[in-house]
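Everything below concerns the one structure shown next.
The values are calculated or read from the model by the stated rules, or taken from the named source; none is laboratory data. None of the values given here were measured: they were computed from a predicted structure. We place every Cβ from the backbone using ideal geometry, glycine too, and count neighbours over all the protein chains shown.
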Amino acid sequence: MTPSQIAKEHCANYQSNGTCLGIAFKDDLSMYMFRKEGLPCLLCDGQRCASFEEVIVPMRMSRETAEAKARADKKEQAVRAYLEQHELGSGKSSAKRVCLDCRRVELQGQAKYCERCALKRKLASTRASKRSRRRS
């Protein structure tokens with residue numbers, strides 16, 4: 001599959017006539033226009049698309065059934081082709097680790113959760129522990 005075919009399947013901005021809506025979301029979930037609506041899809045012209053790189057490239061797909069595994073493999077093949085075409089390097093070597101809970105904050109070192117999510121988990125664990133001690 002090609003990157004433009006993956007965009008047809010998975011990109012929310014891709015329209016059936018080959019145009020792009022050009023809508024993206026900020027971290028606070030407010031919408032903004034990253035591109036004028038109605039212009040042709042950048043992937044169809046072989047250009048880089050920020051939305052594709054932000055949403056489709058890191059997207060993980062189910063591999064539970066044979067059909068789902070085949071779709072996931074096709075998507076990965078197209079993403080690899082896109083990254084090679086634009087000399088961006090492989091997704092695995094340049095991938096950044098993010099918080100497992102909120103998926104917004106980039107992590108450093110061995111941390112699995114950002115400071116905010118780690119605190120939330122710690123408080124929830126402490127509440128559960130206290131609750132179980134009170135019951136016994």
Would you mind stating whether C117 is touching a residue at least 40 places away in the same chain (Cβ under 8 Å), hydrophobic (A, V, I, L, M, F, W, C) and at negative phi? no
Just one listed residue, out of R104, R131, is outside the structural domain of A7 (by TED's automatic domain parsing), loosely packed, with under 13 Cβ neighbours inside 10 Å and in contact (Cβ under 8 Å) with a residue 40 or more places away in the chain, and it is R104
Options A72, A68, A50, A78; residue that is in contact with a helix residue (DSSP H, G or I) (Cβ under 6 Å, 6 or more places away or on another chain) and either within 24 Å of R103 (Cβ to Cβ) or assigned by TED's automatic domain parsing to the domain that holds C102 (or both): A78
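If we keep just the residues of segment 26-68 that are of a type in the set (S, T, N, Q) and within 24 Å of Q85 (Cα to Cα), which is surrounded by the most Cβ atoms within 10 Å (Cβ to Cβ)?
In this case the residue turns out to be S51.
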Which ones in segment 78-96 are at pLDDT 85 or above and hydrophobic (A, V, I, L, M, F, W, C)? A78, V79, A81, L83
E37 versus (1) more than 14 Å from the chain's Cα centre (by Cα); (2) of a type in the set (D, E, K, R); (3) part of a helix (DSSP H, G or I): which is the lone unmet condition? (3)
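Look at segment 18-41 and say how many of its residues are of a type outside the set (V, I, T) and in contact with a Gly (Cβ under 9 Å, 6 or more places away or on another chain).
Looking only at that region, the number is 12.
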Confirm whether L39 is of a type in the set (A, V, I, L, M) and either farther than 23 Å from R104 by Cβ or in contact with a Ser or Thr (Cβ under 8 Å, 6 or more places away or on another chain) (or both). yes
